[in-house]
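**Student:** Below is a structure I'd like to ask you about.
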Amino acid sequence: MKVAFISGTSIVHSTLFASWEVASLRTAYGVVTYKRQGEFILINRHGYGFPLPPHAINYRANIRALADLGYTDVVSFNSVGSLRADVPPGSLISCSDYVNIQSPPQTFFDEELRGGAPGIANNLVPQIVAGLAPAHVVRMGLTYVQMRGPRFETRAEIAIIRHWGDVVGMTAAHEADLCSEIGLRYNSLGIVDNYANGLEGAAIDFTVFKDLVRQNQQTVNGVFQRLLELLR
């Protein structure tokens with residue numbers, strides 16, 4: 001199956017893709033570096049050099065590259081913070097909708113309003129969730145709240161957005177918007193690396209966050225290994 005993966009924080013330390021071919025493509029929005037193995041390609045949304053923070057990611061170039069390379073099915077893996085006590089760190093999740101009313105828009109259509117209705121297709125998610133079970137259980141149908149970043153949210157902000165959705169992040173809504181505009185099918189997967197600031201007594205900063213990501217690395221590796229088997 002011809003599938004494009006987008007990931008970031010969760011694959012920085014993974015060795016699963018070390019042997020994949022590295023290639024680059026120049027798009028109308030900039031050069032994108034990606035990895036390839038057979039019919040699979042992988043884009044690290046933060047880049048393969050010094051990791052770009054969320055606000056500096058070239059989202060348009062990344063999504064345009066997938067379309068230019070002939071991909072229509074996209075599986076995105078995101079690191080998220082939980083807005084719910086019953087979705088603890090280590091949980092695997094899939095979002096079916098999102099809120100993005102704070103971040104600057106990302107669009108291919110600067111001069112006119114075009115593109116499909118925004119949303120998350122999740123056309124591959126039922127197959128993925130069934131194939132990951134029983135080793136990995138995925139919480140489905142969650143709502144992703146995108147915040148501006150690059151800083152983490154204040155406790156007051158978390159108190160507000162807990163009423164908007166289930167998990168919080170800084171990247172997925174931009175990718176889903178752009179995929180919808182040009183007809184790519186966006187599939188949402190992710191892992192909860194932390195409770196959001198103030199939730200369950202959590203205090204989050206980037207040092208703590210990196211430690212939590214490392215704790216989940218074995219789970220992420222196992223999920224990606226199984227994904228590559230399922231989608232061949």
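The values are calculated or read from the model by the stated rules, or taken from the named source; none is laboratory data. This is a predicted model, so every value here is computed, not measured. Because the Cβ atoms are built from the backbone with ideal geometry, glycine has one as well, and the counts that use them run over all protein chains shown.
**Student:** Pick from R148, R139, R232: which is among the basic types (K, R), within 21 Å of P53 (Cα to Cα) and not in a helix (DSSP H, G or I)? Before you say what the answer is, go through the steps one by one.
**Tutor:** On the way: R139 fails: within 21 Å of P53 (Cα to Cα); R232 fails: within 21 Å of P53 (Cα to Cα).
Just one listed residue meets the conditions, R148.
**Student:** Still on this structure: Please go through segment 80-126 and pick out each residue that is free of Cβ contacts under 8 Å to residues at least 24 places away in the same chain and either β-branched (V, I, T) or in contact with a helix residue (DSSP H, G or I) (Cβ under 7 Å, 6 or more places away or on another chain) (or both).
**Tutor:** Listed by number, the list holds a single entry, I101.
**Student:** If we scan segment 177-187, do we find a residue that is of a type in the set (D, E, K, R) and in a strand (DSSP E or B)?
**Tutor:** Yes, segment 177-187 contains a residue that is of a type in the set (D, E, K, R) and in a strand (DSSP E or B).
**Student:** Do you know which residues across segment 216-228 are touching a residue at least 60 places away in the same chain (Cβ under 8 Å) and in a helix (DSSP H, G or I)?
**Tutor:** As a first pass, look at segment 216-228 and keep what is touching a residue at least 60 places away in the same chain (Cβ under 8 Å): 216-217, 219-228.
Correct list: Q217, T219, V220, N221, G222, V223, F224, Q225, R226, L227, L228.
**Student:** From P88, P54, grab the single residue that is closer than 21 Å to M170 by Cα, of a type outside the set (A, V, I, L, M) and exposed (fewer than 15 other Cβ atoms within 10 Å of the Cβ).
**Tutor:** P88 is the lone residue from the list that is closer than 21 Å to M170 by Cα, of a type outside the set (A, V, I, L, M) and exposed (fewer than 15 other Cβ atoms within 10 Å of the Cβ).
**Student:** Which condition breaks for V129 when tested against (1) of a type in the set (A, V, I, L, M, F, W, C); (2) surrounded by fewer than 21 Cβ atoms within 10 Å (Cβ to Cβ); (3) touching a residue at least 60 places away in the same chain (Cβ under 8 Å)?
**Tutor:** (3)
**Student:** Take the residues in segment 199-215 that are in a helix (DSSP H, G or I) and acidic (D, E), then tell me which one is nearest to L83 (Cα to Cα). Write out each step before concluding.
**Tutor:** Keep residues of segment 199-215 that are in a helix (DSSP H, G or I), which gives 199-201, 206-215.
Next, only the ones that are acidic (D, E) stay: 200, 211.
Working: E200: 10, D211: 19 Å.
Top of the filtered list is E200.
**Student:** For residues that are among the polar types (S, T, N, Q) and surrounded by 16 or more Cβ atoms within 10 Å (Cβ to Cβ), tally how many sit in segment 116-126. Please lay out each step first, then the result.
**Tutor:** Just the residues of segment 116-126 that are among the polar types (S, T, N, Q), to begin with: 122-123.
Filter once more, so that each one left must be surrounded by 16 or more Cβ atoms within 10 Å (Cβ to Cβ): 122.
Number of matching residues: 1.
**Student:** Moving on. Which one is farthest from V220 (Cα to Cα) among residues in segment 1-37 that are part of a loop (DSSP other than H, G, I, E, B) and modelled with pLDDT of 95 or more?
**Tutor:** Top of the filtered list is A28.
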